[in-house]
Amino acid sequence: MNPDIAAQALVGILATAGLVAFWWGPLRWFAVDWARDRMFEAREQLFDAASDGRIAFDDPAYREIRGSINSLIRYAHGVSLSRLLFHALVRRASFEDLPPDQTPRAAAERIADPVARTIALSSIAKTEKAAFALVVMKSPMITSIIVLRLLWQSRIAPDTSLTPRQRLRETLVPYTNMILAEASMS
């Protein structure tokens, strides 16, 4: 075997192992921390509405919405695409058993004050967006699609006028802008 090919293969294997280790460790931890931070912001927004007197702290709608946000914060580390699909397929009957008037959105709709209702719906939307972003960031399938797109753009359809660093930046900037736009909307 040619020593250059063996060295390139070793570098490729080590780089792949490094990427997998990064994805399974720091990237997932960051994703959970990021999502929890967004959920804490949503819960704080709801709390501020209650502290301003727009909704009572003992209102059943407030307690239900706050409880659902708290449960997502508590179990954010366990949120994943595979678990979501598992629960959707295996426990389908239990989701269908939940009356439509017992969802957090239905609880928010029962709030009398229109400003408090809007704040509650906004808090629910922020929490749902954070949970969805967490599923996306923790999914190996979606991560693989992004990596394949990066490889395709840099290897198959390269712009030869750009340096490798510029090509990488050109590929990552749309994803970064999308994440930042989502974060600013939430």
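Computed from the coordinates by the stated procedures, all read-outs in this text should not be read as laboratory data. This one's a predicted model, so the numbers in the text were calculated from it and none came from an experiment. With ideal geometry, Cβ positions are generated from the backbone for all residues, glycine too; neighbour counts draw on all protein chains shown.
Points to keep in mind about this one:
- Fewest-first ordering of Ser82, Ser139 by other beta carbons within 10 Å of each residue's beta carbon gives Ser82, Ser139.
- Efficiency of FRET from Cβ geometry, Ser71 and Arg28, R₀ 22 Å, rounded to 0.05: 0.65
- Alpha-carbon centroids, the range 117-140 and the range 1-67: separation in whole Å: 11
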